[in-house]
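Enquirer: Structure below; questions to follow.
The values are calculated or read from the model by the stated rules, or taken from the named source; none is laboratory data. Note that this is a predicted model, so its numbers are computed, not measured. Don't worry about glycine lacking a Cβ; one is built from the backbone with ideal geometry, like all the others, and counts go over all protein chains shown. Protein only, heavy atoms only, side chains kept; ligands, DNA and RNA dropped before computing areas. Shrake-Rupley method; radii C 1.70, N 1.55, O 1.52, S 1.80 Å.
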Amino acid sequence: MSIPHGNRIVIHDGVVNDFNADAVIDFSDVTFIRQGRTLLGPVTWQVELDERWVIIGPNGAGKTTLMRLAAAEEYPSGGVAHLMSERVGKTDMRDLRTMIGVSSSAVAARIPQDEKVEDLVVSAAYAILGRWREEYDQRDFDQAMEILERVGALHLTDRTWGTLSEGERKRVLIARALMTNPELLLLDEPGAGLDLGGREDLVGYLGELALDPDAPAIVMITHHVEEIPYGFTHALLLDEGSIVAQGLIDDVLTSENLSKTFHQPIELSRIDGRFFARRIVRTHSRRA
Ligand SMILES: Nc1ncnc2c1ncn2[C@@H]1O[C@H](COP(=O)(O)OP(=O)(O)OP(=O)(O)O)[C@@H](O)[C@H]1O
């Protein structure tokens with residue numbers, strides 16, 4: 001059997017297993033079908049450890065579906081998916097999830113109102129073991145405090161989830177997602193519901209995280225190009241379950257590609273490295 005070149009390898013236990021060993025996400029022709037409807041795909045997409053991706057697309061485009069597949073929360077209906085070099089469907093999804101940090105409204109919705117921030121973050125290290133309310137190791141508490149400080153939420157340690165503002169919740173969710181030292185961090189609309197100051201704080205923090213060489217690979221869904229932090233390297237545009245464009249952010253985020261994705265004339269501009277987008281308003285000159 002011939003071995004392909006580059007970073008693709010073949011393991012043969014009777015089955016050819018061809019994937020990018022450097023990728024935390026390696027999807028090849030992945031589809032997701034429900035009730036006879038193809039909600040996503042076929043999608044071929046690779047994310048490597050030092051990459052920071054933004055996913056953009058209209059409502060219902062399939063962004064969260066893609067994220068759920070990347071979070072090992074769903075099995076693909078077709079195609080081949082590897083997460084952290086493990087073949088989805090041939091490995092324990094719970095083991096995979098320990099390597100993936102997720103911050104999303106779905107995670108937020110499962111948190112009891114009376115959960116203390118400290119417990120919420122520290123328990124992430126134990127969730128897989130089902131030790132939600134048991135004794136925790138002092139080292140885990142120390143790590144939780146360190147992460148809360150990094151996301152600017154140390155002062156919230158003793159507060160309960162129900163008393164937090166939207167911006168505070170977003171920070172605490174990211175802290176919880178980072179607690180397991182994941183290889184992959186998935187952020188589904190982390191800026192949703194934040195006021196201008198809160199959004200700018202978040203963009204600043206995520207920009208620092210993006211530039212940290214020890215940070216995990218990051219994939220973030222957003223509806224607003226203004227929320228893309230400095231340091232994000234790649235973009236994927238999705239529409240009606242299909243990829244419109246993907247690759248390096250400077251190549252993919254263009255007025256032309258956004259107009260195609262959103263089916264309207266969009267003008268994209270960039271000021272000091274930040275993106276801004278608006279619909280082009282056509283003005284008609286009147287004859288006297
Ligand atoms: N389990 C399911 N069964 C049937 N349809 C589903 C299921 N999950 C999602 N969908 C549909 O798949 C499509 C894509 O949904 P998804 O949540 O991935 O979109 P999205 O891009 O994240 O949208 P939004 O920006 O509104 O959050 C939508 O039309 C949605 O109604």
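Enquirer: What does the charge count near Asn181 come to, summing +1 for each Lys or Arg and -1 for each Asp or Glu among other residues with Cβ under 13 Å from its Cβ?
Expert: Residues close to Asn181 contribute a combined charge of -2.
Enquirer: Leaving out ligands and nucleic acids, and using a 1.4 Å probe, what accessible area per residue does the range 8-279 come to in Å²?
Expert: 47 Å²
Enquirer: Explain nothing, just the number: dipole magnitude of the range 8-279 about its Cα centre with +1 on each Lys and Arg Cβ and -1 on each Asp and Glu Cβ, in debye rounded to the nearest 20.
Expert: Its charge dipole is roughly 880 debye.
Enquirer: Quantify, in whole percent, the carbon and sulfur part of the accessible surface of the range 8-279 (1.4 Å probe; protein heavy atoms only).
Expert: Using a 1.4 Å probe with all protein chains present, the range 8-279 comes out at 47 percent carbon and sulfur.
Enquirer: Calculate the spin-label point distance for Asp114 paired with Asp22, positioning each point 7 Å from the Cα along the beta-carbon direction, and give it in nanometres.
Expert: 5.2 nm
Enquirer: If you don't mind, there's one more thing I want to ask. Using a Förster distance of 51 Å, how high is the FRET efficiency between Phe141 and Ser269, based on the Cβ-Cβ distance and rounded to 0.05?
Expert: Efficiency at R0 = 51 Å is approximately 0.65.
Enquirer: Any idea how many Lys pairs in the chain come in under 26 angstrom at the alpha carbon, given 8 or more places apart or on separate chains?
Expert: For the chain, qualifying lysine pairs total 4.
Enquirer: Next up: Between Lys260 and Ser77, what is the label-point separation in nm under the 7 Å Cα-to-beta-carbon projection?
Expert: 2.5 nm
Enquirer: Mind ranking 170-177, 36-43 by how tightly packed they are, going by the mean number of other C-beta atoms within 10 angstrom, highest first?
Expert: Result, highest mean Cβ count within 10 Å first: 170-177, 36-43.
Enquirer: Name all residues of the range 251-269 having a backbone nitrogen under 18 Å from the label point set 7 Å from the Cα of Val281 along its Cα→Cβ direction, giving them as ranges.
Expert: Counting only backbone N, you get 264-269.
Enquirer: Report Rg (one decimal) and Dmax (nearest whole number) for the range 8-279, counting Cα atoms only, units Å.
Expert: 18.7, 56
Enquirer: Between Ala153, Ser85, Ser165, whose Cα lies farthest towards the positive end of the dipole of the chain when Lys and Arg beta carbons carry +1 and Asp and Glu beta carbons carry -1, centred on the Cα centre?
Expert: Ser165
Enquirer: If the elastic network links every pair of Cα atoms under 10 Å, which of Lys90, Lys116, Lys260 fluctuates the most in the Gaussian network model of the chain?
Expert: Judging by the Gaussian network model, the answer is Lys90.
Enquirer: Treating only the Cβ atoms of Lys and Arg (+1) and Asp and Glu (-1) as charged, compute the dipole magnitude of the range 108-209 about its Cα centre; round to the nearest 20 debye.
Expert: Dipole size: approximately 200 debye.
Enquirer: Averaging sequence separations of C-alpha pairs under 8 Å and six or more residues apart, then dividing by the length of the chain, give the relative contact order as a whole percent.
Expert: 21 percent
Enquirer: Counting only DSSP beta bridges with both residues in the chain, what percent are antiparallel, rounded to the nearest 5?
Expert: Roughly 65 percent of the beta bridges in the chain run antiparallel, per DSSP.
Enquirer: If we sort 95-107, 54-66, 194-206 on the protection proxy, mean other Cβ atoms within 10 Å, highest first, what's the order?
Expert: Listed from highest to lowest mean packing, they are 54-66, 95-107, 194-206.
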